[in-house]
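Down below is the structure, laid out as structure tokens.
The values are calculated or read from the model by the stated rules, or taken from the named source; none is laboratory data. Keep in mind the model is a prediction, meaning the values are calculated, not measured. Cβ sites come from the backbone with ideal geometry, for glycine too, and all protein chains shown count toward neighbours. Accessible surface is based on the protein model in full, side chains and every heavy atom, while ligands, DNA and RNA are left aside. Shrake-Rupley method; radii C 1.70, N 1.55, O 1.52, S 1.80 Å.
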Amino acid sequence: MLKLRKKLGEYQEIYYLIFILAMTGMTSAGINSEYRIYKIVFAVVTLFLLLKVIVTDYTWRELVLMALLTVLLGVNLLRNGEKTLILTAMGVFGAKNVSLEKVFKYALWLKVALTGGTLLLAAAGLIENREILLPKNLETVTLYCYGYHTPNMAFANIFVILLLAVIVYGDRLRWYAYVIGTGIMLAAYRLFMCRTGIVAWGILLLMVLGYRVIRHWKLEKAYMTLFVAIPAVLAGLTLILPLWVRKDAVANQMLNYYLTGRIDLINPFYDNIGNAVLGNIPRIDFDISYFHVLYNYGWVVFALWIVAYCAGIWYCNRKKNYYGTIGLGIMAVYGFMELLPLSVLWNLPLLYLAWILFKERRATNEQLQQEISDH
């Protein structure tokens, strides 16, 4: 039995890639949990993930942490059916001994093929391209979904492709790559009018530019340390803004214009979070992911989520994976206006949280020499 486990363990990375790429592929092709094919594929690839977990050697510390998080998220699932973070936890738990660089590279080109194919098929009329009415800039407009559940999901797929390109190719991307990326984003905005995505792209450009400029003074680590605060600051704004607009009509009008009415949507439910140790019943979807976690999971998971996210950014920075830091940082910003970044299938940089959960306790000689040379 042990020999079989050891033999199967040689292919553990393949089992994980089957799981994460299959699930990411379905989101890229506009297939969500409402489709029967999604449920079938999920059931099959979850078996591969289970096999991956069985053949992976975890420490007792890791097993205890994984068990506690599973129980905590499972209780919420039984209470109100909220499951987004369970899927994210599955992705992180299975990522031990897996090359994340390989995951991101394969996911990038898979998304290019499936997202591009879905958009082309919808444009050609070969798959459904339904219309939807959405409020945009103080008026209601008709937009096409191009094979996705909403126009925002179509735009988010394009954004994630470009973000993965930044993470995977890093410094190898020249200035003209970002110009081309901006052209793609502007063209996508004309189709989908996703203000969140286009603003996030602009902020991403500033993040990358800031990093490339400031590293000439060897201050990139200090600059990237600022990113650690992004999730905590945005979580704080999520708690403060609804209270502010209740007292200031002008602020209420301004913020709801720029946030497309999101504050008005959460304000009627804001008072329900006061004693929400666990999630509220029934669950309700909110476009601000920070409020979504707090309302549907409660204060315990909310606090753990923010701490884990900040820790993930900090650890990427410590390992000098600065484009990973940027990836986590910009998706934290994206989550202030969208629910999608809660899911590891959309926010693949969340897999960096595995570095925190499974980090080595003893440094290698190479790492020690690097530390010495840095000082």
Exercise. In this structure, does Lys111 turn out to be open to solvent by less than 70 Å² (accessible area, probe 1.4 Å), at pLDDT 95 or above and among the charged types (D, E, K, R)?
Worked result: yes
Seminar exercise, completed: Restricted to the stretch 189-204 and to residues being modelled with pLDDT of 90 or more and open to solvent by 50 Å² or more (accessible area, probe 1.4 Å), the residue nearest to His292 (Cα to Cα) is Val199
Exercise. Yes or no: Leu78 part of a helix (DSSP H, G or I), touching a residue at least 12 places away in the same chain (Cβ under 8 Å), open to solvent by 30 Å² or more (accessible area, probe 1.4 Å) and more than 18 Å from Val344 (Cα to Cα)?
Worked result: no
Problem set entry | Within the stretch 115-151, considering residues that are part of a helix (DSSP H, G or I) and open to solvent by less than 20 Å² (accessible area, probe 1.4 Å), the one farthest from Met331 (Cα to Cα) | Ala122
Exercise. Residues Ile37, Ile86, Ile54: which one is over 20 Å from the mean Cα position of the chain (by Cα) and without any contact (Cβ under 8 Å) to a residue 24 or more places away in the chain?
Worked result: Ile37
Exercise. Across the stretch 310-328, what is the total count of residues that are part of a helix (DSSP H, G or I) and either open to solvent by 10 Å² or more (accessible area, probe 1.4 Å) or among the aliphatic types (A, V, I, L, M) (or both)?
Worked result: 10
Exercise. Where residues in the stretch 108-124 are of a type outside the set (Val, Ile, Thr) and within 12 Å of Met26 (Cβ to Cβ), which of them is farthest from the chain's Cα centre (by Cα)?
Worked result: Leu114
Exercise. Is one or more of the residues making up the stretch 135-147 of a type in the set (A, V, I, L, M, F, W, C) and at positive phi?
Worked result: yes
For this session: Evaluate the stretch 20-30: report whether one residue or more is within 20 Å of the chain's Cα centre (by Cα), under 29 Å from Leu119 (Cα atoms) and either at pLDDT below 90 or in a loop (DSSP other than H, G, I, E, B) (or both).
Result: yes
Exercise. If you go through the stretch 152-169, how many residues are open to solvent by less than 10 Å² (accessible area, probe 1.4 Å), under 18 Å from Leu134 (Cβ atoms) and touching a residue at least 60 places away in the same chain (Cβ under 8 Å)?
Worked result: 4
Seminar exercise, completed: When (1) open to solvent by less than 30 Å² (accessible area, probe 1.4 Å); (2) at pLDDT 95 or above are applied to Tyr295, the one that fails is (2)
For this session: May I ask you to say which residue of Ile54, Ile40 is closer than 22 Å to Arg5 by Cβ and in a helix (DSSP H, G or I)?
Result: Ile54
For this session: Pairs only if they're at least six apart or on different chains, beta carbon under 7 angstrom, first in the stretch 98-124 and closer than 17 Å to Tyr144 by Cβ, second outside any helix (DSSP H, G or I) and small (Gly, Ala, Ser); list them, first residue then second.
Result: Thr118/Ala29; Thr118/Gly30; Thr118/Gly147; Leu119/Gly147; Leu121/Gly147; Ala122/Gly147
Problem set entry | Matching entry among Leu72, Leu63, Leu85, Leu49 (being of a type in the set (A, V, I, L, M), closer than 27 Å to Leu278 by Cβ and surrounded by fewer than 16 Cβ atoms within 10 Å (Cβ to Cβ)) | Leu63
Exercise. Among the residues of the stretch 81-114, how many are among the polar types (S, T, N, Q) and assigned to a loop (DSSP other than H, G, I, E, B)?
Worked result: 2
Exercise. Among the residues of the stretch 214-229, is any farther than 30 Å from Lys319 by Cα, of a type in the set (Val, Ile, Thr) and touching a helix residue (DSSP H, G or I) at 6+ places or on another chain (Cβ under 9 Å)?
Worked result: no
Problem set entry | Any chance Phe227 is within 24 Å of Thr325 (Cβ to Cβ) and either open to solvent by less than 70 Å² (accessible area, probe 1.4 Å) or not hydrophobic (A, V, I, L, M, F, W, C) (or both) | yes
Exercise. Before we move on, is Phe269 surrounded by fewer than 18 Cβ atoms within 10 Å (Cβ to Cβ), hydrophobic (A, V, I, L, M, F, W, C) and either assigned to a helix (DSSP H, G or I) or in contact with a Leu (Cβ under 6 Å, 6 or more places away or on another chain) (or both)?
Worked result: yes
